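What follows is a structure written as structure tokens; I'll ask about it next.
Values in this text are rule-based calculations from the coordinates and carry no lab data. Every value quoted in this text rests on a predicted model; they were computed, and no experiment measured them. Counting neighbours? That spans all protein chains shown, and the Cβs are built from the backbone with ideal geometry, glycine included.
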Amino acid sequence: MILKGKKGIIFGALDTKSIAWKVAELAHAEGAEFILSNAPIALRMGTINELAAKTNSEVVACDVSQDEDMNNLIDAAVAKYGKLDFVLHSIGMSLNVRKKNPYTDLNYDFMHKTFDISAISFHRLMQTLMKKDAMNEWGSILGLTYIASQRVFPDYNEMAEAKALLESFARSFGYHYGVSKKVRVNTISQSPTMTTAGSGVGGFDAFYTYADKMSPLGNASAEACAQYCVSLFSDYTRYVTMQNLYHDGGFSFTGISSDVMEMVAKSGE
Ligand SMILES: NC(=O)c1ccc[n+]([C@@H]2O[C@H](COP(=O)([O-])OP(=O)(O)OC[C@H]3O[C@@H](n4cnc5c(N)ncnc54)[C@H](O)[C@@H]3O)[C@@H](O)[C@H]2O)c1
């Protein structure tokens, strides 16, 4: 029960595969109470009510690209719980990826939308929380990211820049929130994971297998990611802030693995 008595908001549970879904299940098992939030359209299409019943949570709609929605959500959370201890931002969307536009022929209106939903929303969330003084001291705010922010993965498209921006907001806002309220802000850089957002990336299956074979521990699952998130919401990680934390089975520090060497050797036979 490492989250006993802690209150929060979990964004981004669309269906049972979602990383946020696994975080909600585990946070509930560890004693947390929270509001579940997603975009209105996702609430209509997804199965979040099942999760809400299971975790005894309320669902509040919020399109994270809209100031008014964000204001209303934070007001609702504070009215219900008082100040919050944790928030998970588990949100990503790219219209250019959806429309399969190649990286060298992108639509800029779509790009603006991608950055707004996938990255600027993280700043919007933290700014709204700060203005409303909605976080308890030593609270924890987490975003989810992918290593394409730091290295080139051609099929990740404009989401690479969206994630670079997200990670940068975590560092910069983490400074300001740390100084003013002792709130910590981090991003977790997760292995490829079989979810709706994940499998939208071109060539995802090959991507997934390659990462699995490159990682000494193999790809980290959504369940394992949930465990890491819960540890970062707990009091055991109070001095971790402004970090981009790799949760990837060792992928990020592996130059090449014997498995991949073998695959390459075989393909040349
Ligand atoms: N799946 C992967 O391979 C992988 C790897 C590393 C990081 N991530 C990141 O993990 C996070 C969660 O993704 P996931 O893999 O669980 O997929 P997912 O599709 O289950 O979750 C993405 C969520 O974003 C929500 N969303 C989209 N537009 C929104 C808006 N305007 N307002 C509010 N919510 C909106 C969706 O409704 C959905 O619930 C994302 O940030 C993603 O980039 C995923």
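What residue among Lys83, Lys182, Lys100 has the largest mean-square fluctuation in a Gaussian network model of the chain, using Cα springs under 10 Å?
Lys100
Which of the aspartates and glutamates could a cross-linker span from Lys182 if the Cα-Cα distance has to be under 15 Å and same-chain partners fewer than 8 positions apart are dropped?
Candidates past the 8-residue exclusion: Asp85, Asp133, Glu137, Asp235.
Next question, about the same structure. How high is the relative contact order of the range 111-249? Use alpha-carbon pairs under 8 Å, at least six apart in sequence, and give a whole percent.
Normalised by residue count, the contact order of the range 111-249 is 28 percent.
Ok, one more. Starting from the Cα-Cα distance between Asp155 and Lys113, subtract it from 0.36 nm times their residue separation and give me the gain in nm to one decimal. All intermediate terms of the calculation are to be shown ahead of the outcome.
Numbers: separation 42, 0.36 × 42 = 15.12 nm, distance 1.87 nm.
Additional length available on full extension: 13.3 nm.
Let me ask something additional. Rg and Dmax of the range 118-165 over Cα atoms: what are they, in angstrom?
When restricted to the Cα atoms of the range 118-165, Rg and Dmax are 13.7, 40 Å.
Sort out for me the Cα centre separation of the range 105-172 from the range 213-239, rounded to whole Å.
Computed from Cα coordinates, the inter-centre distance equals 19 Å.
Based on Cα positions only, what radius of gyration and what Dmax would you give for the chain, in angstroms?
In order Rg, Dmax, the Cα atoms of the chain give 18.3, 66 Å.
Further question: Pairs of alpha-carbon atoms within less than 8 angstrom and 6+ residues apart define the contacts here; what relative contact order does the chain have, in percent?
19 percent
With +1 assigned to the C-beta of every Lys and Arg and -1 to the C-beta of every Asp and Glu, and no other charges, what is the dipole magnitude of the range 1-129 about the Cα centre in debye, to the nearest 20? All intermediate terms of the calculation are to be shown ahead of the outcome.
Working: 14 positive and 15 negative charges, 64 e Å.
My answer is approximately 300 debye.
Round to the nearest 10 and give me the degree value, 0 to 90, for the angle of helix 258-267's Cα axis relative to the longest principal axis of the chain.
Its long axis makes an angle of about 40 degrees.
Please compute the modelled spin-label separation between Lys182 and Gln66, points set 7 Å along Cα→Cβ, answer in nm with one decimal.
My value for the distance between the label points is 3.7 nm.
Taking the Cα atoms only, what angle lies between the long axis of helix 204-214 and the longest principal axis of the chain, rounded to 10 degrees?
Between helix and principal axis, roughly 80 degrees.
Net charge around Lys4, counting only other residues with Cβ within less than 13 Å of its Cβ (Lys, Arg = +1; Asp, Glu = -1)?
-2
Also, quick follow-up: Direction-averaged shadow area of the convex hull around the Cα atoms of the range 120-236, nm²?
Details: hull surface 31.4 nm².
The directionally averaged projection comes out at 7.8 nm².
Shifting gears a bit: Using the structure shown, list the pairs from Lys80/Lys181; Lys7/Lys213; Lys131/Lys163 with a Cα-Cα distance above 31 Å, or answer none.
Cα-Cα > 31 Å for Lys7/Lys213; rest within.
Percentage of Cα-Cα pair distances in the range 26-116 greater than 16 Å, rounded to whole percent?
Of all Cα-Cα pairs in the range 26-116, 63 percent lie more than 16 Å apart.
Expressed as an acute angle from 0 to 90° and rounded to the nearest 10, what is the orientation of the C-alpha long axis of helix 67-81 relative to the principal long axis of the chain?
The angle comes out at about 60 degrees.
Taking the Cα centre of the chain as the origin, how large is its charge dipole in debye, to the nearest 20, when only Lys and Arg (+1) and Asp and Glu (-1) carry charge on their Cβ atoms?
580 debye
Now for a separate question. Ala79 to Ser267: FRET efficiency via 1/(1 + (r/R0)^6), r the Cβ-Cβ distance, R0 51 Å, to the nearest 0.05? List each step's numbers first, then the result.
On the way: r = 59 Å, r/R0 = 1.16.
Once the sixth-power term is evaluated, E becomes 0.30.
Kindly work out what percent of the DSSP beta bridges joining two residues of the range 97-251 are antiparallel, to the nearest 5.
Taking every DSSP beta bridge with both residues in the range 97-251, the antiparallel ones total about 0 percent.
From the phi angles alone, apply the Karplus equation (6.51, -1.76, 1.60; θ = phi - 60°) to the range 140-151 and give each ³J(HN,Hα) in whole Hz, x where the residue is Gly or Pro.
Each residue's phi maps through the Karplus curve to give 9, 10, 10, x, 10, 9, 9, 4, 5, 5, 10, 10 Hz.
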